[in-house]
1. Only counting other Cβ atoms within 10 Å, I'd like Ser23, Ser344, Ser322 sorted with the fewest neighbours first.
2. Which Cα, out of Leu429, Ile343, Pro286, lies furthest along the positive dipole direction of the stretch 28-498 (beta carbon charges, K/R +1, D/E -1)?
3. Return a whole-number percent for the relative contact order of the chain, with Cα pairs under 8 Å and 6 or more residues apart as the contact set.
4. Ordered by residue, what ³J(HN,Hα) values in Hz, to whole numbers, does the stretch 34-48 give under the Karplus form 6.51 cos²θ - 1.76 cosθ + 1.60, where θ = phi - 60° and Gly and Pro are x?
5. In the chain, which longest range has no GluC sites (Glu not before Pro) that are both DSSP loop (not H, G, I, E or B) and surrounded by at most 11 other Cβ atoms within 10 Å?
6. Can you tell me how much longer the chain between Ala459 and Arg446 gets when fully stretched, taken as 0.36 nm per residue apart minus their C-alpha distance, in nm with one decimal?
7. Given the pairs Lys189/Lys381; Lys284/Lys381; Lys202/Lys332; Lys189/Lys385; Lys284/Lys493, which span a C-alpha to C-alpha distance of over 24 angstrom in this model?
8. Work out the FRET efficiency for Gln230 and Phe299 from their Cβ-Cβ distance, taking R0 = 45 Å, and round it to the nearest 0.05.
Amino acid sequence: MTAQQDTPPSRDGLFRTKTVEQSIRDTEEPEHALRKSLSAVDLTVFGVGVVIGTGIFVLTGKVAKETAGPATALAFVVAGVVCALAALCYAEFASTVPVAGSAYTFSYASLGELVAWIIGWDLVLEFALGTAVVAVGWSGYVRSLLENFGWHMPDVLAGPDVAKGFISFDVLAFALVLVLTVVLVLGMKLSARVTTVVVAIKVAVVLIVIIAGLFFVKAANYSPFIPEAQPQPSGSGLTAPLVQLMFGFAPTNFGVMGIFTAASIVFFAFIGFDVVATAAEETKLPQRDMPRGILASLFICTVLYVAVSLVVTGMEHYTDLSVEAPLADAFKAVGHPVYAGLISFGAAIGLTTVCLILLLGQTRVFFAMSRDGLLPRFFSKTHPKYGTPYRPTILLGVIIAIVAGFTSINELATLVNIGTLFAFVVVALGVLVLRRTRPDLPRAFRTPWVPVIPVLSVAASVWLMLNLPAETWLRFGVWMAIGVIIYFAYGRKHSRINEPVGRS
């Protein structure tokens, strides 16, 4: 880029920015550079690998039975549209600023350092807890498969979700995170190959289930497609949705509004597609391949979710679906229990890639914050042989493995949701700001219909956030407060923006 384009960063105040040019130059420092090895196919596989998880096997039937009936398929479409709005914003940023860190890096270039720190701290929470949640869920599926063969894991090693009333350690979840940590240290290409194989198995299982289920669909089960609206029981206190406490609005189950209520639930089956953006720096042609990988993975996942929801509500009337394992139980109800075992196998295999890619996103965000000086620079040195950020990978892998071993899944899940939506809001706002402050930047992909698309993305994400319980907002606020304290105590003083402009 020309000297005129390389404008100096703002160095004063809480909203000082780091230029896109400086962010890109930082990726060229040998000791802090990540190896470029990923293609658009690799990115698409990562996206499908992280999104297709327990949601497709469990959440579809649960929402159909309790919230939307057969119209759950429409709820997935609505949720997919919300994610697509965010994905268009992510695609512009990832192609314009092909640097590790995803929403953290994007907000640093547009909204300033304090906002960047807050979103980075938020992503640390989202990806770390997301990895632990998935590892615990994977452990549950593996234990179920082992029990089918007559082998039972001792309660003391099965984790707190199984063993109530005494200390128990989930050794399977702990071991999974450690093994995946080793895979990530050994290189991104190895990670991509492992993910490709596992995703192929997972998608094959999903397609088999869809095709087999079509033979048992009965048209009568789709009537009524949109069941009559039913008011939800009024909530109170911290367990009530924030929108109800603020405005007195009580969401409904079923009916047209029930579709949107269901969308706020099934949205969380899409969590993780944004992790693709964290691999921008390790992509061979990020300007071309990042938008392709983000949008293609989201489209594939939405189609699969809609197909599965239509099959499960067609096989069994929504009022008869089970909540714990609706898809597997639907096959049992039509006399084909073998498919139930296949579904458990697909879920167990599939969750390994979800865990791997969330851990990947976590380490890349941590690495980017360290390279900028907001966290100790010790963690931004890459491995001399493998070109991976091995120090934060090992540190975070061990911490997350311990958390997964000792923590109940119910205690982890809700905070992941609000963190993702918050990141969506920041990225959409960042597109608007950077379009105004840096119109000269070359953009290989441009979000269409700006400012309409970013504004719609913000509005949709905020609406879904308001549907979360007040206690989730409270916990999120506490985590953010801790992050702000760390920023003022360490990050602001050690930020590389404080260094002279001519640093290398």
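Here, each number is a calculation from the coordinates, and none is a lab measurement. What you see is a predicted model, and the numbers here were worked out from it, not measured in a lab. Positions of Cβ are backbone-derived with ideal geometry, glycine not excepted, and every protein chain shown enters the neighbour counts.
1. Fewest-to-most ranking of Ser23, Ser344, Ser322: Ser322, Ser344, Ser23.
2. Checking the options against the dipole of the stretch 28-498, the answer is Pro286.
3. Value for the chain: 34 percent.
4. Once θ is set to phi - 60°, the couplings for the stretch 34-48 become 8, 6, 8, 8, 9, 10, 4, 5, 4, 5, 4, 4, 4, x, 5 Hz.
5. Maximal segment without exposed cleavage sites: 29-227.
6. 2.7 nm
7. Lys284/Lys493
8. 0.85
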